[in-house]
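This report concerns only the one structure given below.
The values are calculated or read from the model by the stated rules, or taken from the named source; none is laboratory data. These numbers were taken from a predicted model, which means no experiment stands behind them. Note that each Cβ is placed from the backbone with ideal geometry, even for glycine, and that neighbours are counted across all protein chains shown.
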Amino acid sequence: MNRPQSASEIDDEAAAWAVRLDAGEGAAPELKAWLAGDPRRSGALLRAQAALDLAGRSLAVYGAGAAFSTAQPLRPNRRWLIAGGGGAIAAGFAGAGLWLAQSRSFETQRGEIRRAPLPDGSLIVINTQSALNVSMRPRLRHIQLRRGEAWFDVAKDLERPFVVAVADVRVRAVGTAFSVRQRTDGAEIMVTEGVVEAWRKGRPERARIEAGCVFTSDGSGGAPVAAPERIERTLAWRAGQLVLDGDRLADAAAQFNRYNARQIVISDAAVANEKFVGVFQLNEPESFARAAAAALGADVDADQHTIRLGRLAQK
Amino acid sequence: MEQTRNEIVAWVAGQILPHEREVRGWLRRSGASDADIDDLVQEAYCRLAALSSVAHIGNGRAYFFQTVRNIAVERMRRARVVRIDHVTEIDALNVIDGEPSPERVAAGRSELRRVSDAIEELPERCRTIFKLRRIYGLPQREIARRLGVTENVVEMQTARGLRLLMARLLKEDVDETKAAPADEPAAKRKRDR
């Protein structure tokens, strides 16, 4: 067959290869032969792989829980239960045995953003340098956020509330989605879907936080504030992105430094106070520094450990 | 410094792919045929695929536009059939500057939403498999077991979903071209000069 393939035919094959490679399949010689068959194929494969990556990010942000509400209900993943501890026996017991089997802890390194599906169909997306314990009890789904920040997409279960504890702050949900970030004096809670309730241990006051609202539980007695734009922007970390919307460069640099060992240092106070707009990959501090420098007429001096941003010569 | 394939794929997903509709819209407004547009865009991805690192590229969007323009200009020089009347007017469209605008930030955000909407519109079985694979990271074998199908079906459905998704994402830019006359005055100004 000598007819050259159409772009669309190449895209079909590239999609199949992207999926095969993602599943860890596909023999190297076979792939090599396919790529060698037409110079256009390497580009099509890169594009298909990028689309698959983008789909994963998009699902992390928007479309998580719904996979379990399909016409064909899915059973909790037994493999997860077994892997959780206790071995095969635990999965067969109710009560204490199961409780133990379903306890698990997660910890992320700097720059690591991790998706942790739970056996009830809920999903946790854990931000950089965070740690949490999950325990799935018969009447309670309990999360102890020990450090950092996480976003929770909670599968509805009226019989089993979902409670996140961080220091003495408690956040309770039935079926909803929200994030919790530890602060020195409490926690910041952002609700993306439904309603959650927050309180401090041993205190009677309850705050009701609706979708699109932010609540800072720091003992100051403040109320939830509606800020849907800010929430969407802040939670872009779930897709590995940082969205700036008039933020100071110094604050943006501090955000990048949460995720990367390679630290951004701004050596010029005027540059640090410049405001910036843009969407960046959290793991690409240098791209950010270079874009900022180009926009502001500043200079970048980057080595293995540090990316310095400033003005070498004042104009 | 060499980057891994995964790093480059992630960069393309974040910095190139979200701008493809815009690049195609620009080519279409410049008078390129659908087949030429496909060719030019595919060639741009080929050049990206040949890079061992993308760390030197500050602005993916500008890079994408520039690469496509360069390819178009090269082809015209070699007298290949590419009908792009105003390909050099890229500067007039104000796409090469390094400074991201608020509109562009909004565009980047809406791209993720667009992808998620497209996923919701996939045929049901395709969508379920896609989500189990992408969100929950379940192995193909596990998905096959749960749904009572063969692994081959899971793989084919995922590829089908990906293909529908890619097609769907580019389709919308036909409407966008009509809905975005904002670029026209800029292009016109340049022509009038």
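So the values come out like this:
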quantity: Qualifying residue in the stretch A:186-198 (condition: under 19 Å from the mean Cα position of the chain (by Cα), closer than 12 Å to A:Val169 by Cβ and charged (D, E, K, R)); calculated: yes
quantity: Which listed residue is touching a Ser or Thr at 6+ places or on another chain (Cβ under 6 Å) and under 22 Å from A:Ser122 (Cα atoms), from A:Val169, A:Val163, A:Val214, A:Val195; calculated: A:Val169
quantity: Failed item, numbered, when A:Ala227 is tested on (1) of a type outside the set (Val, Ile, Thr); (2) over 20 Å from the mean Cα position of the chain (by Cα); (3) modelled with pLDDT of 85 or more; calculated: (2)
quantity: Residue in the stretch B:43-55 that is more than 17 Å from the chain's Cα centre (by Cα) and modelled with pLDDT under 80 present; calculated: yes
quantity: So A:Trp80, is it within 10 Å of chain B (Cβ to nearest Cβ), in a helix (DSSP H, G or I) and modelled with pLDDT of 65 or more; calculated: no
quantity: Tally, over the stretch A:101-135, of residues that are among the aliphatic types (A, V, I, L, M) and farther than 29 Å from A:Pro285 by Cα; calculated: 3
quantity: Search result, residues across the stretch A:176-186 that are of a type in the set (A, V, I, L, M, F, W, C) and either in contact (Cβ under 8 Å) with a residue 40 or more places away in the chain or surrounded by fewer than 24 Cβ atoms within 10 Å (Cβ to Cβ) (or both); calculated: A:Ala177
quantity: Failed criterion for A:Ala292 (all others in (1) more than 12 Å from chain B (Cβ to nearest Cβ); (2) among the aliphatic types (A, V, I, L, M); (3) closer than 30 Å to A:Thr192 by Cβ; (4) part of a helix (DSSP H, G or I) hold); calculated: (1)
quantity: Matching residues in the stretch A:108-133 - criterion: being part of a strand (DSSP E or B), touching a Gly at 6+ places or on another chain (Cβ under 9 Å) and over 19 Å from A:Asp185 (Cα atoms); calculated: A:Arg115, A:Pro117, A:Leu123, A:Ile126
quantity: Residue ranges of helices (runs of 4 or more DSSP H) in the stretch A:212-286 with at least 2 members within 14 Å of another protein chain (Cβ to nearest Cβ); calculated: A:228-234, A:249-259
quantity: Counted residues, the stretch B:56-104 - those being at pLDDT 65 or above and closer than 22 Å to B:Glu7 by Cβ; calculated: 11
quantity: Test result for B:Glu20, charged (D, E, K, R) and surrounded by 21 or more Cβ atoms within 10 Å (Cβ to Cβ); calculated: yes
quantity: Residue count, the stretch B:28-43 (criterion: more than 7 Å from every other protein chain (Cβ to nearest Cβ), in a helix (DSSP H, G or I), free of Cβ contacts under 8 Å to residues at least 60 places away in the same chain and of a type outside the set (Asp, Glu)); calculated: 4
quantity: Residue within the stretch A:125-136 that is at pLDDT below 90 and away from every other protein chain (no Cβ under 12 Å) present; calculated: yes
quantity: Hits in the stretch A:1-56 (condition: assigned to a loop (DSSP other than H, G, I, E, B), more than 7 Å from chain B (Cβ to nearest Cβ) and charged (D, E, K, R)); calculated: A:Arg3, A:Glu25, A:Asp38
quantity: Residue among A:Ala293, A:Ala261 that alone is under 28 Å from the mean Cα position of the chain (by Cα), surrounded by 19 or more Cβ atoms within 10 Å (Cβ to Cβ), among the small types (Gly, Ala, Ser) and at negative phi; calculated: A:Ala293
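Here is a yes/no grid of residues against (1) of a type in the set (Val, Ile, Thr); (2) within 19 Å of B:Ala62 (Cα to Cα):
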position	(1), (2)
A:Asp245	no, no
A:Ala250	no, no
A:Ile266	yes, no
A:Phe276	no, yes
A:Leu282	no, no
A:Ala293	no, yes
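Per-residue answers, yes or no, for (1) part of a helix (DSSP H, G or I); (2) within 11 Å of another protein chain (Cβ to nearest Cβ); (3) modelled with pLDDT under 80:
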position: B:Gly108; (1), (2), (3): yes, yes, yes
position: B:Leu112; (1), (2), (3): yes, yes, yes
position: B:Arg127; (1), (2), (3): yes, yes, no
position: B:Leu138; (1), (2), (3): no, yes, yes
position: B:Arg145; (1), (2), (3): yes, yes, no
position: B:Thr158; (1), (2), (3): yes, yes, no
